[in-house]
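Engineer: Here it is, the structure, as structure tokens.
The values are calculated or read from the model by the stated rules, or taken from the named source; none is laboratory data. Note that the coordinates shown come from a computational prediction; the quantities given were computed from them, not determined experimentally. A quick note on method: Cβ atoms are made from the backbone with ideal geometry, for glycine too, and the neighbour counts reach across all protein chains shown.
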Amino acid sequence: MENAAIIGIGMTKIEANKVRETFADMVWEAVNKALNDAQMTINDIDNIITTSNDFWDGRTISCMAVGDASGARNKNVSCVEGDGTFGAFYGLTRVLSGSYGTTLVTAHSKGSESISSLITNAAFDPIYDRSLGMDMITACAMQATAYMYRTGTTSKQIAQVSVKNHGNAKNNPMSQLPMDITVEDVLNSEMISDPLHKLDCSPVSDGCCAIIIANKDRALKYNDKPVWIKGVSFCSDSYFLGDRDLSKAASLTKATNAAYKMAGINNPKDEIQVAELYDAFTYQELMWLEAMGLCDDGKGSELLENKYFDIGGKLPVNPSGGLLSGHPVIAAGLIRIAEIVKQLRGEAGKYQVHGAKLGVAQGVNGLAGQSHCVWVLGKEK
Amino acid sequence: MGKKRVAIIGTGQTYHKSHRPDVNGQELIHEAVSSALCDADLTIADIDAIVIGNMDHFEGINYVDCWSVDGSGGVMKPIIKLTTGGTTGSTIAIGGYHLVASGLFEKVLVIGWEKNSESDTTGAITTAFDPVWDRLVFAGAISGLAVEAQAYMARYGATDRDGARVSVRDRKHACNNPHAQLRKEVTIEDVLASPMLADPIHLLDVCPRTDGACAVIMANEDVAPKLASKLDWIWATSSRHKYTYIGDVNWGELDSMYNASREIYKKAGIKEPNKEISVIELYQPYSFAGIIWIEDMGIVPRGKGAEYIWSGATDMGGELPINPSGGVIACNPIGATGLIRCAEAAMQVMGKADIRQVPDVNFAISTGFGGCMWTDMILHGQKKPDF
Amino acid sequence: MSENMVIDSGNARQPFNYSVGLYGSKFFKELKENKRFLGVKCPKCSKVYIPPRKVCGECFIETREFVEVGPRGKIGSFTILRYAFIDPETGEQKPVPYGYGFIRLDGADTLFQHYINISDENKVKIGAIVEPVFAENRKGTIRDILHFNIVD
Ligand SMILES: [Zn+2]
């Protein structure tokens, strides 16, 4: 694809309850960090995409809250409602279109301000599904059952994702839940919705992330550490859970294949060196890995047991600690992109994957992974 | 890949009504999508990506992009949701433009929709404003607009008769548009005799609540000329969402309209907008905006808007017809409204506007309005852009 | 074909705890305890903003200096509401008519949104001087101000 790069990243610490901070306060912090990181000022930003969700923010036109804080007052600005990876995608097209040389992308949410299950219940069809009282957790629990049944993956195996990711988070000062836990701790934690225990689920979180995308002419103008966008795509599956094979992520496979093709990747298992995936629940990390061709179908759990996905393994997955260690919805996918940027720059500190040159980030919209956005990023052009 | 010029190759709309209990949301969306695909002579298989928008709290559905796919055609396709309040319809049109212009997609379907009958519209609009500062005392969108009209009237001495003249124009134009919800001519006296909602705005000065959807198909310069004989080229876009707090607004002038229009004119080299632009589809939610905002656009000098309206220049057959479709006063399915302006402008450029056609359209402008006095603007042209 | 059904969402609602932030918290404390209005001044363009906020949108710079504004001000623009609509906060219809407007509090550059007492409609004009009427029991919300009265 036409060359474009991510030249700045900034994020707030992910916390359970940023009660002192408004949405604008969080955005202000992340935007300034991204500008500093890129060695730019707001004058170098040509246009802005904010990413938010009116339900999560409890506000119609939620983007209105963060205009000033994102520097949008006298610039072109638009708003994506969905995961931050989708916001970044739109921001990228505004650069590739030639309309703008740089795009600042922000994504924020505060899970602490609402009751999450009521927000995700509103994603169910109001005519057929909603009154049954389902929410994201119950939808994903059904998906977990379907996936585990089809592949033979056990509760004990998926628990290891939680052990790994909370352990990785101990090295990430921005994460919310660094923890030393065992498989037994996960299995002994409260059963939330069969087969998902409390420690199989990501927490409720507050946070914001910002990134700056530049076209090829501007990518090297401000600093010498651009991370190049090699391939990117998104795709949605059917809506009604009953219309899908819940044990598979067909839309993720389609989006990933398109992104790999754009990036010229023929053998992802060998070429991708680090992945930051949308592990809202433990089983999802394995399911997404398999759907993305990063390991064979149904084999994720076995590789996990063999430390294949650990920071020192063949393909480190969620070295940052992932969503299990902090899940500010909407910002979550953009944080995945920012974490891959850190890895490819060699700036990930104690959770650095050595020598990583090509990485993949993923974001999700909708219930039980209906719609996915996949980003392949590279150190080299 | 890389920068591509973009043309609209087809449009579709539902027949907009105050209440469509005969269809659910997905079915309403599907009506507009089918109509646009038919207009462009394509099937859903030809579409590479979809941009959709509405305002969440009017229907109370979270993740509408995901929910919509049975109606929008998004199953196993890229679908993305953009939403910016009243500007949503124009925002998604600008979104579709950039998706195609990026070179990543050849043909993109853009869908705006709303079923305003499914909730209390004013309540949902009120929750747009800051929950701490603005919401507890905000008095609904109509009051916000009334405040603008009061400020303008105090400055330039305009009267409620001037506002009424704009409403008379749009309601007359709407009679030529089978898709419009309200198709009934009114007189100045009718407008002034209608109930006072918020001084100086009468009932017949403002837009209705509507159920409706609109779809627009865009294609890049490589394929568009092969797919359609009549094209509407997108020359320039601007989205100026200036204010965060409603008290910061410069009441009586629409700064965002001023900034967006100057940006567009500069990109396209337009020097005399009232002469070079053939027709405008203005997102004009109430009558007085038809006077104030054409001043902000530089069509006429400050304070001269009313005179220009009374001269008949913006009527069908005038120097610069505005809202041949009847505009927002005749029809307002909010998330679709800005996209309807875009579609109507495209139809004018393509020569497909039937009995509401303005002759020899070279440049057309469509706008979106919403949020905290925000403006989106699109310049449509009959010729392929030379930049 | 049978009639078209609708499904009522009932009393479903999604409660929120909105963060006010440090600037707003300081404003409401001062309003509640001392009936004073605090704005913030931009260190670059010197504009005084109300409501107080952390960022001057024009300058993209952090504000730090609180300045007292009001309590008197002038009407920047206004309307008189004559149609009833459902207040989303209470679910009740507000009684009409009532005055609603934007007030430029003395010393502020932006406008403060509130209700205006319309007991004498003829006096409600752009530029008219107004002063706030405070609630007896103030809770630290924008409704600690009942409305603004026109000052003769
Ligand atoms: Zn300033």
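Engineer: Going by the conditions given, is A:Ser251 under 18 Å from the mean Cα position of the chain (by Cα) and either modelled with pLDDT under 95 or under 25 Å from A:Tyr128 (Cα atoms) (or both)?
Structural biologist: Yes; evaluated as a whole, the condition is true for this residue.
Engineer: Among the residues of the stretch A:165-208 satisfying the criterion of being within 30 Å of A:Val66 (Cα to Cα) and of a type in the set (A, V, I, L, M, F, W, C), which is surrounded by the most Cβ atoms within 10 Å (Cβ to Cβ)?
Structural biologist: Per the criteria, the residue is A:Cys208.
Engineer: Considering each of A:Ser99, A:Ser112, A:Ser52 in turn, give the residue that is modelled with pLDDT of 95 or more, crowded, with 24+ Cβ neighbours inside 10 Å and among the hydroxyl-bearing types (Ser, Thr, Tyr).
Structural biologist: A:Ser52 is the lone residue from the list that is modelled with pLDDT of 95 or more, crowded, with 24+ Cβ neighbours inside 10 Å and among the hydroxyl-bearing types (Ser, Thr, Tyr).
Engineer: Let me ask you something else. Just one of the numbered conditions (1) touching a residue at least 40 places away in the same chain (Cβ under 8 Å); (2) closer than 30 Å to B:Lys81 by Cβ; (3) surrounded by fewer than 23 Cβ atoms within 10 Å (Cβ to Cβ) is not true of A:Asp243; which one?
Structural biologist: Of everything listed in (1) touching a residue at least 40 places away in the same chain (Cβ under 8 Å); (2) closer than 30 Å to B:Lys81 by Cβ; (3) surrounded by fewer than 23 Cβ atoms within 10 Å (Cβ to Cβ), A:Asp243 misses just condition (1).
Engineer: For C:Lys123, state whether it is among the basic types (Lys, Arg) and touching an Asp or Glu at 6+ places or on another chain (Cβ under 8 Å).
Structural biologist: So C:Lys123 passes the test.
Engineer: Scan the stretch B:262-282 and give yes if some residue there is small (Gly, Ala, Ser) and farther than 19 Å from B:Ile378 by Cα, otherwise no.
Structural biologist: No, every residue in the stretch B:262-282 fails to be small (Gly, Ala, Ser) and farther than 19 Å from B:Ile378 by Cα.
Engineer: To continue, here is another question. Return yes or no: is B:Gly144 at the interface with another protein chain (Cβ under 8 Å from one of its Cβ atoms) and in a helix (DSSP H, G or I)?
Structural biologist: In short, no.
Engineer: Please find, among B:His173, B:His98, the residue that is of a type outside the set (D, E, K, R), in contact with a Lys or Arg (Cβ under 6 Å, 6 or more places away or on another chain) and outside any loop (DSSP other than H, G, I, E, B).
Structural biologist: When all the criteria are applied, what remains is B:His98.
Engineer: Can you find a residue that is outside any helix (DSSP H, G or I), in contact (Cβ under 8 Å) with a residue 12 or more places away in the chain, touching a Ser or Thr at 6+ places or on another chain (Cβ under 8 Å) and of a type in the set (S, T, N, Q) anywhere in the stretch B:67-86?
Structural biologist: Yes; the residues of the stretch B:67-86 include at least one that is outside any helix (DSSP H, G or I), in contact (Cβ under 8 Å) with a residue 12 or more places away in the chain, touching a Ser or Thr at 6+ places or on another chain (Cβ under 8 Å) and of a type in the set (S, T, N, Q).
Engineer: Let me ask something additional. Tell me, yes or no, whether the stretch C:101-110 has at least one residue that is away from chain B (no Cβ under 11 Å), in a loop (DSSP other than H, G, I, E, B), in contact (Cβ under 8 Å) with a residue 12 or more places away in the chain and more than 17 Å from B:Trp133 (Cα to Cα).
Structural biologist: Yes, the stretch C:101-110 contains at least one residue that is away from chain B (no Cβ under 11 Å), in a loop (DSSP other than H, G, I, E, B), in contact (Cβ under 8 Å) with a residue 12 or more places away in the chain and more than 17 Å from B:Trp133 (Cα to Cα).
Engineer: Report those helices (runs of 4 or more DSSP H) wholly inside the stretch B:186-296 carrying at least 2 residues which are among the small types (Gly, Ala, Ser) and farther than 27 Å from B:Lys3 by Cβ.
Structural biologist: Result: B:289-296.
Engineer: Then there's this: Kindly check whether there is at least one residue in the stretch B:46-69 that is over 22 Å from the mean Cα position of the chain (by Cα) and more than 14 Å from chain A (Cβ to nearest Cβ).
Structural biologist: Yes; the residues of the stretch B:46-69 include at least one that is over 22 Å from the mean Cα position of the chain (by Cα) and more than 14 Å from chain A (Cβ to nearest Cβ).
Engineer: What number goes with the only condition from (1) in a strand (DSSP E or B); (2) within 27 Å of A:Trp56 (Cα to Cα); (3) more than 14 Å from chain B (Cβ to nearest Cβ) that A:Leu199 does not pass?
Structural biologist: Status for A:Leu199: all satisfied but (1).
Engineer: Filter the stretch B:92-139 down to the residues that are touching a residue at least 24 places away in the same chain (Cβ under 8 Å) and under 30 Å from C:Gly99 (Cβ atoms) and list them by number.
Structural biologist: Hits for the stretch B:92-139 are B:Asn116, B:Ser119, B:Thr121, B:Ala124, B:Thr127, B:Ala128, B:Phe129, B:Asp130, B:Trp133, B:Asp134, B:Phe138, B:Ala139.
Engineer: Restricting attention to the stretch B:234-282, which residues are touching a Ser or Thr at 6+ places or on another chain (Cβ under 7 Å) and closer than 25 Å to B:Ala336 by Cβ?
Structural biologist: Once the filter is applied, which keeps residues that are touching a Ser or Thr at 6+ places or on another chain (Cβ under 7 Å) and closer than 25 Å to B:Ala336 by Cβ, the stretch B:234-282 yields B:Ser239, B:Arg240, B:His241, B:Lys242, B:Leu254, B:Ser256, B:Met257, B:Ala260, B:Glu263, B:Ile264, B:Glu281, B:Leu282.
Engineer: Does C:Val130 satisfy being within 16 Å of the ligand (Cβ to nearest atom) and crowded, with 24+ Cβ neighbours inside 10 Å?
Structural biologist: no
Engineer: Considering each residue of the stretch B:188-224, count those that are touching a residue at least 12 places away in the same chain (Cβ under 8 Å) and farther than 12 Å from B:Ile329 by Cβ, and give that number.
Structural biologist: Final tally of qualifying residues: 22.
Engineer: Restricting attention to the stretch C:111-130, and to residues there that are small (Gly, Ala, Ser) and touching a strand residue (DSSP E or B) at 6+ places or on another chain (Cβ under 7 Å), which single residue is nearest to the other protein chains (Cβ to nearest Cβ)?
Structural biologist: Selected residue: C:Gly127.
Engineer: Select from the stretch C:27-36 the residues that are in contact with a helix residue (DSSP H, G or I) (Cβ under 7 Å, 6 or more places away or on another chain) and in contact (Cβ under 8 Å) with a residue 40 or more places away in the chain and write down the one among them that is nearest to the other protein chains (Cβ to nearest Cβ).
Structural biologist: C:Leu31
Engineer: Given the options B:Arg161, B:Arg240, name the one that is crowded, with 18+ Cβ neighbours inside 10 Å and either at pLDDT 95 or above or not assigned by TED's automatic domain parsing to the domain that holds B:Gly371 (or both).
Structural biologist: On inspection, the qualifying residue turns out to be B:Arg240.
Engineer: Looking only at the stretch B:132-146, which residues are within 17 Å of B:Leu254 (Cβ to Cβ) and in contact with a helix residue (DSSP H, G or I) (Cβ under 9 Å, 6 or more places away or on another chain)?
Structural biologist: B:Ala141, B:Ile142, B:Gly144, B:Leu145
Engineer: Looking at the stretch C:8-26 only, could you name the residues that are within 7 Å of another protein chain (Cβ to nearest Cβ) and either assigned to a helix (DSSP H, G or I) or of a type in the set (Val, Ile, Thr) (or both)?
Structural biologist: Hits for the stretch C:8-26 are C:Val20, C:Gly21, C:Leu22, C:Gly24.
Engineer: Let me ask another. Answer yes or no as to whether C:Glu92 is within 30 Å of B:His202 (Cα to Cα), modelled with pLDDT under 95 and either within 16 Å of the ligand (Cβ to nearest atom) or surrounded by fewer than 15 Cβ atoms within 10 Å (Cβ to Cβ) (or both).
Structural biologist: yes
Engineer: Given the condition modelled with pLDDT of 95 or more and touching a strand residue (DSSP E or B) at 6+ places or on another chain (Cβ under 7 Å), answer yes or no: does some residue in the stretch A:117-138 qualify?
Structural biologist: yes
Engineer: Quick test of your reading of the structure: B:Asp248 fulfils all but one of (1) touching a Gly at 6+ places or on another chain (Cβ under 6 Å); (2) within 14 Å of chain C (Cβ to nearest Cβ). Name the failing condition by number.
Structural biologist: (1)
Engineer: Out of (1) more than 25 Å from B:Pro21 (Cα to Cα); (2) surrounded by 20 or more Cβ atoms within 10 Å (Cβ to Cβ); (3) outside the structural domain of B:Glu344 (by TED's automatic domain parsing), the odd one out for B:Ala215 is which?
Structural biologist: Condition (1) is where B:Ala215 drops out.
Engineer: Still on this structure: Name the residues in the stretch B:101-141 that are at pLDDT 80 or above and at the interface with chain A (Cβ under 8 Å from one of its Cβ atoms), would you?
Structural biologist: Within the stretch B:101-141, B:Ala101, B:Ser102, B:Gly103, B:Leu104 qualify.
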